[in-house]
Amino acid sequence: MRLDDQINWGDMDNKPALTIDEYIAGFPDNVRAILTKIRLIIKEIAPDATEAISYGMPTFKLKGNLVHFAGWKHHIGFYPAPSGTAAFDKELAHYKKAKGSIQFPLNETIPYDLIRQITQFRVDEVMNKSK
C-alpha cells in the first residue's frame, strides 16, 4: 500500500477538523455526498447520540462511542466496534474488515442499508447494556 492510500482526506491541510461539518467539507464532492448520507443515517437511527470528532474522525456517542466513520482515498471506513462487525460477519464477507472496522470501497455501491442495520444493532446494544 502506498503512503497516499493511507491519507485521511479530511485532514489534508494538516489542520484537524473540529466538527463533523468541517471534516466532511475537506473531501471531494462525491465523497462528501457519501459521508453526508452516512451521517444522516446515523442521526436518523440514533437521534439522541451526540456528534464529536474522536481519533480524528466523525464519531457518534451514546453512552460512550457508538460508531465512527471516515473518508479515505479509496474507501469509506466504518467503525462500529468489534461487536458490530462480528454480528454482521456474513453480510460483511465481501468487504475488507478487521476487529471493529470495515472498508467500503469508493468504486463500489455503498451499502447504506447495511450501515443502517449495523448502527441500529449498536444502538440496541448500548441501550440494553445499562438495563
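The values are calculated or read from the model by the stated rules, or taken from the named source; none is laboratory data. Worth saying up front: this structure is predicted, and the values here are computed from it rather than measured. With ideal geometry, Cβ positions are generated from the backbone for all residues, glycine too; neighbour counts draw on all protein chains shown. Ligands, DNA and RNA are excluded from the accessible area calculation, which covers all protein heavy atoms including side chains. Shrake-Rupley method; radii C 1.70, N 1.55, O 1.52, S 1.80 Å.
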Q: Residues being open to solvent by 60 Å² or more (accessible area, probe 1.4 Å), at pLDDT below 95, not hydrophobic (A, V, I, L, M, F, W, C) and not in a loop (DSSP other than H, G, I, E, B): count how many of those fall in the stretch 1-21.
A: 2
Q.
Considering only residues that are under 21 Å from G26 (Cα atoms) and open to solvent by 70 Å² or more (accessible area, probe 1.4 Å), which ones fall in the stretch 51-64?
A. E51, Y55
Q: Specify the residue that is most open to solvent (accessible area, probe 1.4 Å); the eligible residues are those in the stretch 89-131 that are farther than 21 Å from L62 by Cα and either of a type in the set (G, A, S) or assigned to a helix (DSSP H, G or I) (or both).
A: A93
**Q.** Failed item, numbered, when K129 is tested on (1) more than 28 Å from L18 (Cβ to Cβ); (2) under 14 Å from the mean Cα position of the chain (by Cα); (3) charged (D, E, K, R)
**A.** (2)
**Q.** Answer residue from the stretch 65-88, given it is open to solvent by 20 Å² or more (accessible area, probe 1.4 Å) and of a type in the set (S, T, Y) and is farthest from R39 (Cα to Cα) among those
**A.** S83
**Q.** Enumeration of residues in the stretch 74-88 that are hydroxyl-bearing (S, T, Y) and closer than 19 Å to G56 by Cα
**A.** Y79
Q) Does any residue of the stretch 51-67 turn out to be assigned to a loop (DSSP other than H, G, I, E, B), over 14 Å from the mean Cα position of the chain (by Cα) and among the hydroxyl-bearing types (S, T, Y)? A) no
(Q) Among the residues of the stretch 96-113, what is the count of those that are within 13 Å of Y79 (Cα to Cα) and touching a Phe, Trp or Tyr at 6+ places or on another chain (Cβ under 8 Å)? (A) 5
Q | Looking only at the stretch 23-42, and only at residues there that are under 12 Å from the mean Cα position of the chain (by Cα) and free of Cβ contacts under 8 Å to residues at least 24 places away in the same chain, the one that is surrounded by the most Cβ atoms within 10 Å (Cβ to Cβ) | A | T36
